[in-house]
Amino acid sequence: MIEDKRIDLNKLPKHVTIIMDGNGRWAKNKGEHRIFGHQSGVKSVRECTEAAAELGIKYLTLYAFSTENWMRPKEEVDALMELLVETILDETPTLNKNNIRLQAIGNLKSLPKKCIAQLQQAIDETRKNNGLTLVLALSYSAKWEIIEAVKKIAADVKENKLNIEQINEQIFDDALSTQNIPHPELLIRTSGEQRISNFLLWQIAYTELYFTETLWPDFNRQAFFDAIVDYQNRERRFGKISEQLTS
Ligand code: FPP
């Protein structure tokens, strides 16, 4: 049951993506260690995933660990990897119960073996679900993804599978790790920072951006609904003028 009557269920985005930010500051404000902030952020992951699934949104992509995050202190990186493994293990039955399919994008090979194994198991166990697809971006950066796509396309040209003239937006889309996932209509970033931080650069060409001061561990079901309502009140013109949209 969706309690927020402001939401128009006929005007939902198909794909929402979130840059989850502010765990460290949230913990610091409470005089706690940064890792406590990440642990507390799991509740927000759960609430947003449930809210998206209940609304009938088809894709939710979460920026959980960027390529740049490897440069954080080892203790924090290890704790984040451990938290990922634990959360994926704990949440897989709930994902299945709610018909949610898990996918992952990023340089997954660079993750610790235990993390890859747990992730792969959860992806396999939820493969047949056809409600929400929850995509975790792990060891992900958009520049890395774009370079990988260019390499794939160049290899196809070299092997005469593709002519240079045939390269178009569709070919490029298909070479990205988000192949088969529609581009997001809405990107949310928490914690007051207003930047994209190397996330889905190609895919967000026409995405609506929503920035909120709320720190990630405080971003709850209602905050997610507020972002959807804000999105629904925007006019998406894709370069056209208002009058062309109504005619
Ligand atoms: C950004 O906050 C958050 C992260 C780098 C990690 C996000 C991870 C989780 C919420 C936990 C597990 C997630 C899943 C999907 C199971 P920050 O540390 O950059 O905060 P700060 O900017 O305040 O320092």
Exercise. Tell me, what ³J(HN,Hα) does each residue in the stretch 198-213 have, in order and in whole Hz, if you take phi through Karplus 6.51 cos²θ - 1.76 cosθ + 1.60 with θ = phi - 60° and put x for Gly and Pro?
Worked result: 6, 10, 6, 4, 5, 6, 9, 3, 10, 6, 6, 9, 10, 10, 10, 6
Problem set entry | Accessible-area composition of the chain, carbon plus sulfur, in percent [1.4 Å probe] | 51
For this session: Can you sort ILE57, ILE35 by 1.4 Å-probe accessible area, starting with the largest?
Result: ILE35, ILE57
For this session: Multiply the residue gap between ASN163 and LEU245 by 0.36 nm, knock off their C-alpha separation, and tell me the result in nm, one decimal place.
Result: 25.9 nm
Exercise. In Å², what does the accessible area per residue of the stretch 1-94 work out to with a 1.4 Å probe?
Worked result: 52
Exercise. According to the square roots a ≥ b ≥ c of the eigenvalues of the Cα gyration tensor, what is the shape class of the stretch 23-164, taking rounded for a/c under 1.5, prolate for a/b larger than b/c otherwise, and oblate for the remainder?
Worked result: oblate
Exercise. Could you name the lysines in cross-link range of LYS74, using Cα to Cα under 25 Å and dropping any fewer than eight places away on the same chain?
Worked result: LYS28, LYS30, LYS43, LYS109, LYS113, LYS114, LYS143
For this session: Using amide H atoms built 1.01 Å from N in the peptide plane, name the residues 5+ places from VAL135, or on other chains, whose amide H lies under 5 Å from its own.
Result: LEU60, THR61, LEU62, GLN103
Exercise. With every protein chain present, what accessible area does LEU83 have (1.4 Å probe, heavy atoms only), rounded to the nearest 10 Å²?
Worked result: 30
For this session: Per DSSP H run of n ≥ 4, the term is -39500 (n - 2.57); total these for the chain, divide by its residue number, and report the mean residue ellipticity at 222 nm rounded to 500 deg cm²/dmol.
Result: -14000 deg cm²/dmol
Exercise. What is the stretch 140-247's relative contact order, in percent, from Cα pairs under 8 angstrom and six or more apart in sequence?
Worked result: 25
Problem set entry | the stretch 134-198 - accessible surface per residue (Å², probe 1.4 Å) | 54
Exercise. So which chymotrypsin sites (Phe, Trp or Tyr not before Pro) in the stretch 149-247 end up in coil per DSSP with only 10 or fewer other C-beta atoms within 10 Å?
Worked result: PHE238
For this session: In debye, nearest 20, what is the charge dipole magnitude of the stretch 7-100 about its Cα centre with +1 on Lys and Arg Cβ and -1 on Asp and Glu Cβ, if you could check?
Result: 280
Problem set entry | Whole-Å semi-axes of the stretch 127-185's equivalent ellipsoid (Cα gyration tensor) | 25, 14, 11
Exercise. Where in the chain lies the longest segment free of trypsin sites (Lys or Arg not before Pro) that are both loop residues by DSSP (not H, G, I, E, B) and have at most 13 other Cβ atoms within 10 Å?
Worked result: 31-126
Problem set entry | Charge dipole magnitude, Cβ of K and R +1, D and E -1 - the chain, Cα centre, debye nearest 20 | 200
Exercise. Amide H to amide H, which residues 5 or more places from GLU208 or on other chains are under 5 Å from it, using H placed in the peptide plane?
Worked result: LEU186, LEU187
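The values are calculated or read from the model by the stated rules, or taken from the named source; none is laboratory data. Just so it is clear, the model here is predicted, and its values are computed rather than measured. Glycine gets a Cβ as well: all are built from the backbone with ideal geometry, and neighbour counts include every protein chain shown. Ligands, DNA and RNA are stripped out before the accessible areas are found, and what is left, the full protein with its side chains, is counted by its heavy atoms. Shrake-Rupley method; radii C 1.70, N 1.55, O 1.52, S 1.80 Å.
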